[in-house]
1. Counting only residues that are among the hydrophobic types (A, V, I, L, M, F, W, C) and either more than 23 Å from Gly95 (Cβ to Cβ) or at pLDDT below 80 (or both), which one in the stretch 120-146 is surrounded by the most Cβ atoms within 10 Å (Cβ to Cβ)?
2. Can you tell me which residue among Asp10, Asp53 is under 15 Å from Met78 (Cα atoms), touching a residue at least 12 places away in the same chain (Cβ under 8 Å) and touching a Pro at 6+ places or on another chain (Cβ under 6 Å)?
3. For the stretch 83-98, name all the residues that are modelled with pLDDT of 75 or more and open to solvent by 20 Å² or more (accessible area, probe 1.4 Å).
4. What number of residues within the stretch 147-183 satisfy the criterion of being of a type in the set (A, V, I, L, M), more than 17 Å from the chain's Cα centre (by Cα) and either assigned to a helix (DSSP H, G or I) or closer than 22 Å to Gly95 by Cα (or both)?
5. Looking at the stretch 194-214, is at least one residue closer than 23 Å to Arg66 by Cα, exposed (fewer than 13 other Cβ atoms within 10 Å of the Cβ), modelled with pLDDT of 85 or more and not small (Gly, Ala, Ser)?
6. Restricting attention to the stretch 18-39, report how many residues are assigned to a helix (DSSP H, G or I), farther than 21 Å from Arg69 by Cβ and either open to solvent by 40 Å² or more (accessible area, probe 1.4 Å) or of a type outside the set (A, V, I, L, M, F, W, C) (or both).
7. Just one of the numbered conditions (1) open to solvent by 10 Å² or more (accessible area, probe 1.4 Å); (2) farther than 28 Å from Leu164 by Cβ is not true of Ala15; which one?
8. Looking at Thr110, Thr80, Thr115, which one is surrounded by fewer than 20 Cβ atoms within 10 Å (Cβ to Cβ), at negative phi and touching a helix residue (DSSP H, G or I) at 6+ places or on another chain (Cβ under 7 Å)?
Amino acid sequence: MNDKILIVDDEQAIADLVEVYLKNEGFQVRKFYNAAEALACVAEEELSLAILDVMLPDMDGFALCRKIRENHLFPIIMLTARVEDIDKITGLTLGADDYITKPFNPLELTARVKTQLRRYTRYNIATQHTKAEQPALSDEISIRGLRISKNSHKCFLNETELILTPIEFSILFYLCEHKGSVISSEELFISVWGEACYDSNNTVMTHIARLREKMKEPARKPKYIKTVWGVGYTIES
């Protein structure tokens with residue numbers, strides 16, 4: 001297995017434990033106890049996924065997540081010892097794809113890693129077929145200046161490319177694919193995350209807010225992603 005997983009946690013015992021479980025599953029591991037060394041690794045190596053602790057000695061995990069997201073789209077899972085919803089929402093808003101609260105079961109974390117990698121592989125063109133291998137028909141949708149393609153994993157709004165994380169892309173494509181229908185948070189979560197709902201409403205809401213921000217959409221009167229209160233979200237035909 002060629003997937004390289006970055007682990008950043010200043011609690012050596014936890015980092016070592018996660019490393020053992022991931023290596024047992026065949027993953028390559030790059031392990032660090034501070035953000036500075038982790039950022040150097042991110043700049044030098046091609047990574048598949050990062051696991052970031054929120055509490056680090058030189059930079060908090062949220063700031064580290066934001067720095068990574070400036071140039072990279074691989075999945076990020078946040079580890080937090082705090083249970084407040086604001087910590088979870090902050091991480092997701094800054095570009096994290098998932099979070100898990102300490103103490104955790106290493107088997108659950110390993111399962112989350114595999115889920116994120118499957119999703120990233122599915123929606124990232126760099127990990128799929130070459131252009132010569134792709135089907136002749138392009139899976140592309142256009143809606144009033146918004147153009148999104150599953151084959152190229154690119155999205156344009158009025159010819160300006162939107163830089164989306166795999167999760168953001170998946171949410172937007174699903175809504176476009178079902179334009180005219182109202183999609184509940186639960187349906188979005190199951191379709192995009194590929195698992196049973198857990199805190200689905202807040203998680204989806206945070207990613208929708210981030211999408212609107214990237215699309216420069218006013219929250220109260222969005223042109224594209226509209227909220228149907230008490231029901232879900234829709235993109236009108």
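The values are calculated or read from the model by the stated rules, or taken from the named source; none is laboratory data. These numbers were taken from a predicted model, which means no experiment stands behind them. Quick reminder, even Gly has a Cβ in these numbers, built from the backbone with ideal geometry, and neighbours come from all protein chains shown. Remember, those area values only see protein heavy atoms, side chains included, never the ligands or the DNA or RNA. Shrake-Rupley method; radii C 1.70, N 1.55, O 1.52, S 1.80 Å.
1. First, pick out the residues of the stretch 120-146 that are among the hydrophobic types (A, V, I, L, M, F, W, C): 125-126, 132, 136-137, 141, 143, 146.
With either more than 23 Å from Gly95 (Cβ to Cβ) or at pLDDT below 80 (or both) added as a condition, the list becomes 125-126, 132, 136-137, 141, 143.
On the way: Ile125: 15, Ala126: 9, Ala132: 5, Ala136: 4, Leu137: 7, Ile141: 18, Ile143: 15.
Residue satisfying both the conditions and the ranking: Ile141.
2. After applying the criteria, what remains is Asp10.
3. Restricting attention to the stretch 83-98, the residues satisfying the condition of being modelled with pLDDT of 75 or more are 94-98.
Of everything in the stretch 83-98, just one residue is modelled with pLDDT of 75 or more and open to solvent by 20 Å² or more (accessible area, probe 1.4 Å), namely Leu94.
4. 2
5. Yes: one or more hits.
6. 5
7. (1)
8. Values: Thr80 fails: surrounded by fewer than 20 Cβ atoms within 10 Å (Cβ to Cβ); Thr115 fails: touching a helix residue (DSSP H, G or I) at 6+ places or on another chain (Cβ under 7 Å).
Of the residues listed, the single one that is surrounded by fewer than 20 Cβ atoms within 10 Å (Cβ to Cβ), at negative phi and touching a helix residue (DSSP H, G or I) at 6+ places or on another chain (Cβ under 7 Å) is Thr110.
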